[in-house]
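Peer 1: Take this structure first; my questions come after.
Read the figures in this text as sums done on the coordinates, not as results from a lab. Note that the structure is a prediction, hence the values are computed from the model and not measured. Positions of Cβ are generated from backbone atoms using ideal geometry, with glycine treated the same way; all protein chains shown enter the neighbour counts.
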């Protein structure tokens, strides 16, 4: 019966070798074919706050699930930018130029981006699968 033992040892060794060669990186969930392709271009929303005026005013934009959204803010006043998505995002706006905030939306639907202190909706994103 030594040949059966050798066969078992060989099979066990091959299994351990294969397991040792497996990637140690955590497995990523498979992306839906409808999601934004990896490396997809970001939807850029330029925002200007000057003298109490906010532009744009409720711009209508479209994005795909998983596509990067980047808000670029030039502001003369502090404020708080709020993204009504699931999960939501809140960003502190400081006076200055070129302040960038980046996020993705993982659940399709309508997403409002608003400035709290100014009480203005900057943009509404229609996020599709």
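Peer 1: Note down the nm distance, to one decimal, between modelled labels 7 Å out along Cα→Cβ at residue 116 and at residue 80.
Peer 2: Spacing of the two 7 Å Cα→Cβ label points: 0.1 nm.
Peer 1: What distance in nm separates the two pseudo spin-label positions at residue 128 and residue 92, each 7 Å out from Cα along the beta-carbon direction?
Peer 2: 3.8
Peer 1: Can you sort 105, 44 from fewest to most other Cβ atoms within 10 Å of each residue's own Cβ?
Peer 2: In increasing order of surrounding Cβ atoms, one gets 44, 105.
Peer 1: Put a dot 7 Å past each Cα toward the Cβ at residue 106 and residue 72; how far apart are the dots in nm?
Peer 2: Result: 2.8 nm between the two label points.
Peer 1: Once you have the Cα-Cα distance between residue 41 and residue 53, take 0.36 nm times their residue separation minus that, and quote the gain in nm to one decimal.
Peer 2: Roughly 1.4 nm would be gained on extension.
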